[in-house]
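Worksheet: the structure to be examined is printed underneath.
None of the figures in this text is laboratory data; all of them are computed from the coordinates on show. Please read these numbers as outputs of a predicted model, since none were measured by experiment. We place every Cβ from the backbone using ideal geometry, glycine too, and count neighbours over all the protein chains shown.
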Amino acid sequence: METQYFDTVLKPRIQKVVYSKDWKDGKPVSREGISHMFKYMKLESYEDTLDNLIIKRDKKQQKALISSKTAKEEYMLGYWLDVETRGSDSLLNIDRFEDPFGYTLQIRHDNELKATKIDLVETFNYLIGLYVEQTEIIRGFKVIRGRLRTGEKTLVIWRNTKEKSNKELDAFFLKQKYNTQDFEFDRIFVNGDNNLENLKVAEDKWKVTLIEEELKRRMFDVMEV
């Protein structure tokens, strides 16, 4: 209900106020608006997570499960989420990170599940606590520069690994001179297996981390909470 109210009432009101201060019969009568841009985010709900779980279970496992209430409770709390639903999109399907710009989840709209694109780039920025200073797309690579809460200067590189090979990533990295003293990054995050560590020279101190591994660790490593 809250989402429906935002989509049908609140967002249109904001858009109208930004576009013009004077309206009549649903139409703007002046162009005295505000030079403005706003961004909104929709968070994945508990129901969204359940809708995207894919269970892999054979008939013998199902029979054993329903034979004992205690076994079912223990299974639901552990094995179900840890094993049988592993790889579900809401639990991060790493195989689909080949194209991070096209990642989707099944989101319920008007009681109907529809494939909805998820912004993994923005999700990752929030998850690692990145203060974003610059975002740009350069020759098919999406590059974010910023600082972590620890103050570490950070570079995040996203790519479609089916279109941008490691060789192309290396060439891009060197051409942008990300390994020079001009940037002096402390942390570099990249999606997909890569060879960037091999480009380091003696004075380089930056560390390369796989985005997929960091995402999974931040989302599911409850030992840090």
- The Cα radius of gyration of the range 121-224, divided by 2.2 N^0.38 Å with N its residue count, comes to 1.04
- Task: Please pull out the direction-averaged projected area of the range 1-40, using the convex hull of its alpha-carbon atoms, in nm² to one decimal place.
- Result: 3.1 nm²
- Task: Compare the peptides 208-215, 19-26 by average per-residue count of other Cβ atoms within 10 angstrom and give them in order, highest first.
- Result: 208-215, 19-26
- Item | Amide N proximity, the range 119-148 versus Glu168 label position 7 Å along Cα-to-Cβ, cut-off under 16 Å | 137-143
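Pairs Lys153/Lys216; Lys153/Lys200; Lys27/Lys114; Lys42/Lys205; Lys114/Lys164: which exceed 27 Å Cα-Cα? Display every interim value, and only then the final one.
On the way: Lys153/Lys216 22 Å; Lys153/Lys200 17 Å; Lys27/Lys114 32 Å; Lys42/Lys205 37 Å; Lys114/Lys164 29 Å.
Over 27 Å apart, Cα to Cα: Lys27/Lys114; Lys42/Lys205; Lys114/Lys164.
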- Calculated from backbone phi, Karplus (6.51, -1.76, 1.60) coupling profile of the range 159-170 in Hz, x at Gly/Pro: 7, 8, 5, 7, 10, 10, 6, 5, 5, 5, 5, 4
